[in-house]
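Trainee: A single structure is presented below for examination.
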Amino acid sequence: MIGASPEDMAVAVNHLAAEGGGQVAVEDGRVVEFLPLPIGGIVSDLDPTEMRAAEERLDRAAKALGCRVDWPFMYLFFLPITSIPDYAITDVGPVDVAAMAVFDPVLGPAAK
Amino acid sequence: MTDRASRPPISTLVTAGRARIPATAVIRGGRLVNVVSAEIIRLGLEHAPGASRRVSFCTDDVVASDVLDRGHLDNMVRMAVEAGIEPMAAVQMATLNGAEAYRVDHLVGSISPGRYADVVFVDDLRDFRASMVMAAGEIVARDGALTADLEPPGRSGLLTGPFPMAPAAADDFSVATELPDGPVEVLAIGLTDQTTTTSW
């Protein structure tokens, strides 16, 4: 999950939970693109050419939202992995990979 | 991964080339790591020419468009050939070497008696485009298109349906702190295009 609006992030999560998983792009409270992945939330029976078209629609939707990386959803696959890179974002919180411990991302008052 | 087949890149190749321990290296090809794979193979074998039969391929982090546009293990064969690996050595990296590393070469990895008849036909070993594919002795694809019917297997109800969870709210995506009001310093992850494993 990457977002600039907590409200839209909640819409995205609730949509995925209700649909049994997938990939979604949300703008202003509205689901603008959705790829259902109904098997375990990560797998689909779609024909590969249909899957490719859906992947491209999602990438276009993310770019329309202002994302500047080429394959935003691919990067999301990496975020929960607690082996690379140095930090991960998981269901139990942000994880320091080297220490293998959850950490508080708020370090302290900002330097003046 | 087992201790026989690991995927750290160059150091394992060099170790395998010295052949003092039964180390093997598995080279990944994926959307985000494909860029470096061919270079890793070339560098590794330059340092350890004897390591060729200890190197095998696997894929990682590929999506449908990668497989359709660039290929799967066939793309890794093409990349290896392009990096200067002999075509037959590259084919071994995609077939026999991996089967031996995982000790399943009595079932797969070569065309020989007693193995599953999984065979890829190509017109050109260097270009390595499949013109026909056999799986377990049956022709399943010709000229880039599936000819066999694929039936999805039955799936447990545990794998499908809505996720049992309380609805998320916007507050769930805010970070709370006990600090007094005012600006704070936070640890953030930066995202750089084309980069996967640097410190962020």
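Trainee: Only residues that are closer than 23 Å to B:P183 by Cβ and within 7 Å of another protein chain (Cβ to nearest Cβ): list them for region A:78-102, please.
Mentor: A:Y87
Trainee: Another question, if that's okay. Could you give every pair whose Cβ atoms fall below 7 Å, whose first residue belongs to region B:69-87 and is farther than 24 Å from B:A145 by Cβ, and whose second residue is surrounded by fewer than 19 Cβ atoms within 10 Å (Cβ to Cβ) and of a type outside the set (A, V, I, L, M), counting only separations of at least 6 or pairs across chains?
Mentor: B:V81/B:P87; B:V81/B:R126; B:A83/B:E39; B:A83/B:R42; B:G84/B:R42; B:P87/B:R126
Trainee: Additional query: Kindly provide the set of residues from region B:73-106 that are more than 23 Å from B:D127 (Cα to Cα) and either modelled with pLDDT of 95 or more or assigned to a loop (DSSP other than H, G, I, E, B) (or both), ordered by number.
Mentor: Across region B:73-106, the qualifying residues are B:Y102, B:R103, B:V104, B:D105, B:H106.
Trainee: Quick one: how many residues across region A:1-52 are more than 8 Å from chain B (Cβ to nearest Cβ), in a helix (DSSP H, G or I) and either open to solvent by less than 40 Å² (accessible area, probe 1.4 Å) or among the charged types (D, E, K, R) (or both)?
Mentor: 3
Trainee: Specify which of the listed residues (B:G154, B:G109) is crowded, with 17+ Cβ neighbours inside 10 Å, out of contact with any Asp or Glu (no Cβ under 6 Å at 6 or more places or on another chain) and not in a helix (DSSP H, G or I).
Mentor: Details: B:G154 fails: crowded, with 17+ Cβ neighbours inside 10 Å.
Going through B:G154, B:G109 in turn, the sole match is B:G109.
Trainee: Let me ask something else about it. Find the residue count for region B:55-82, including only residues that are among the aliphatic types (A, V, I, L, M) and away from chain A (no Cβ under 14 Å).
Mentor: 7
Trainee: Quick check on this structure: which one of A:L35, A:L65, A:L58 is under 28 Å from B:L187 (Cβ atoms), in contact with a strand residue (DSSP E or B) (Cβ under 7 Å, 6 or more places away or on another chain) and touching a residue at least 12 places away in the same chain (Cβ under 8 Å)? Before you say what the answer is, go through the steps one by one.
Mentor: Working: A:L35 fails: under 28 Å from B:L187 (Cβ atoms); A:L58 fails: under 28 Å from B:L187 (Cβ atoms).
Being under 28 Å from B:L187 (Cβ atoms), in contact with a strand residue (DSSP E or B) (Cβ under 7 Å, 6 or more places away or on another chain) and touching a residue at least 12 places away in the same chain (Cβ under 8 Å) holds for just one of A:L35, A:L65, A:L58, which is A:L65.
The values are calculated or read from the model by the stated rules, or taken from the named source; none is laboratory data. These numbers come from a predicted model, not from an experiment. Positions of Cβ are generated from backbone atoms using ideal geometry, with glycine treated the same way; all protein chains shown enter the neighbour counts. These accessible areas exclude ligands, DNA and RNA; they are computed on the full protein's heavy atoms, side chains included. Shrake-Rupley method; radii C 1.70, N 1.55, O 1.52, S 1.80 Å.
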